[in-house]
Amino acid sequence: MLGKFLEGYHQLSVEGQRAGLKIYRGAEVRFDGSWNDYLLYGYHDDLLKDPESVFTMGVEQFYERVKADGALLIHAHPYRNGGEPTSAAALDGVEVINANHNQNNRNDLALSFALQNGLLQTSGSDCHHKSHIGTGGILVEHLPENDAELVALLRSGNYALIGK
C-alpha cells in the first residue's frame, strides 16, 4: 500500500529536482469519524506505511507517532463550518489563515486558538480553483533545502504569513 500512497510524492520529488524545484513532503490526513483535516509535514515514509490503520487510530494516538517521527501536525481550518479544534496537546500548530474564499473558515477564531495555546501558525490557500492561487502560504528569506529544514523553519516561526 505504501508504494501507491506515496508514489506521487516520490515521482514529483525526482522530477522537481531535475527542474530545479524544491518539493517538500506533506500530506493532509483525516481520521475516521471526524470532519477535521490535519496537515502533516516532514514525515518519513514509515509514518504512513499503513494509511488505513492511521485513519482509524485518531489524532491523539497518531500525534504520538508524529512526535516520535520528528514531523509536524497542523490543524487545518479548525473552525470551518462551525467545527471545533482538536485538543492543543495533540497539535503542533494551527492553520490560522485558510484563504479559500468559498468557505467560512473563521480564521479569527483559529488565530485566537493558536495564540491562547502557544501553537505554531500557518497559512494556506486551500487551492481548488485558479482564483485561489497565491492567496495563502508563507514568505521566507531562504528556501529550506529539504524536509528537515522545512520543519525547523516552521518550528522557528521565522516566516511571514500570506493573507494577513
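Taking 0.36 nm per residue of sequence separation and subtracting the Cα-Cα distance, how much length would be gained by fully extending the chain between residue 130 and residue 159, in nm to one decimal?
Value of the extension gain: 8.0 nm.
Roughly speaking, to the nearest percent, how much of the chain's 1.4 Å accessible area is carbon and sulfur?
Carbon with sulfur: 50 percent of the solvent-accessible area.
Would the range 1-149 count as rounded, prolate or oblate if I go by the C-alpha gyration tensor, calling it rounded below 1.5 in a/c and otherwise prolate when a/b exceeds b/c, oblate otherwise?
oblate
If r is the Cβ-Cβ distance from residue 52 to residue 28 and R0 is 25 Å, what FRET efficiency results, to the nearest 0.05?
Step by step, r from the Cβ atoms, then E = 0.95.
Applying a 10 Å radius around every beta-carbon, put 118-128, 78-88 in order of their mean neighbour count, most first.
118-128, 78-88
The values are calculated or read from the model by the stated rules, or taken from the named source; none is laboratory data. Everything numeric in this text was worked out from a predicted model, so none of it was measured. Cβ sites come from the backbone with ideal geometry, for glycine too, and all protein chains shown count toward neighbours. For accessibility, only protein heavy atoms count, side chains too; no ligands or nucleic acids. Shrake-Rupley method; radii C 1.70, N 1.55, O 1.52, S 1.80 Å.
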